Amino acid sequence: MSMHQTVTGAAPTLVIVLANGSSTESQAADLAFRYAETAAAMDFSVEIHVVGKAVSLFQKSDERSRSVEGEPASSMIERLQRANELGVKLYVCSAALADAQLAPSDLIDEVSGVRGAASLLAAGMSPQARLLSF
């Protein structure tokens, strides 16, 4: 049993809400990934739910031209790939996609899927879950 498994055998879940950030400001995303990677390394189940304007961070169409705080766009992709390797799931809000006039096909491949508010609330309100917001 891992150090964080409960008596029932289920690992706790960290649900991270990433609401802040854009293609020119990614400090919130950097913090979200730092906590996600750390929690995943500690055997937590981790989900990042991207809401609001932060969806622009994961848009396929400008991933090559985007520079985040002086880092090339590829570093954000590499960070997401590392998180994925640790089992972190990244979901983008369906309402945020609609607000940005984007379709799921406009998202980079590393995005795990599209989920709405009900999925975020269900994940965050689970008895084994803890919620962080950036």
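The values are calculated or read from the model by the stated rules, or taken from the named source; none is laboratory data. These figures come from a predicted structure and were not determined experimentally. In this analysis, Cβ positions are derived from the backbone assuming ideal geometry, glycine residues included, and neighbour counts consider all displayed protein chains. Remember, those area values only see protein heavy atoms, side chains included, never the ligands or the DNA or RNA. Shrake-Rupley method; radii C 1.70, N 1.55, O 1.52, S 1.80 Å.
Here are a few things to note about the model shown:
- Filtered by the rule that a residue be under 13 Å from Gln59 (Cα atoms) and assigned to a loop (DSSP other than H, G, I, E, B), the range 74-111 gives Ala100, Gln101, Leu102, Ala103, Ile108, Asp109, Glu110, Val111.
- Residues that are open to solvent by 30 Å² or more (accessible area, probe 1.4 Å), over 19 Å from Met76 (Cβ atoms) and small (Gly, Ala, Ser), drawn from the range 106-117: Ala117
- Selection count where residues are in contact with a Ser or Thr (Cβ under 9 Å, 6 or more places away or on another chain) and open to solvent by 50 Å² or more (accessible area, probe 1.4 Å), scope the range 41-64: 7
- Matching residues, the range 17-40, being open to solvent by less than 70 Å² (accessible area, probe 1.4 Å), modelled with pLDDT of 95 or more and over 11 Å from the mean Cα position of the chain (by Cα): Ala39, Ala40
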